[in-house]
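Structure first, then comments.
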């Protein structure tokens, strides 16, 4: 009978599985980069007084006022419409990124959170590799800061 837990019983197979998982996650990152470059999200408020287009990262790239209704709106109301429409567009753009990234197959790897700017890459790397390095008795600074000769750090 074979052991289904290849991570413990067969190091070669565990390495192959880890590499396949890595390639899958790298493919997701490639798709995310393409999405950032090519995707667009277009939103309107209920009254359709304006149109906003956001890029794949959820950044505003175009704002068009439709007709002349916006000219008759009180400034506070126009500002509220702009803010609410931008929030709606960003939420839709973020959802597209989350849908694209799906669930990470590696514990501690939050690609959707990183894409949305909610997770710092150095913290994600530390959560993934920190326990492994500690298991080897290594205390490695994964923050990206380099010690200077005077003992201080850069970064």
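Rule-based calculations on the coordinates, nothing more; no lab input. Computed from a prediction, not measured in an experiment: that's the story for all the values here. Note that we place each Cβ from the backbone using ideal geometry, even for glycine, and neighbour counts take in every protein chain shown.
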Shape parameters for segment 37-101, alpha-carbon atoms, Rg then Dmax in Å: 12.6, 42
Neighbour-count ranking for 35, 44 (other C-beta within 10 angstrom, fewest to most) reads 44, 35
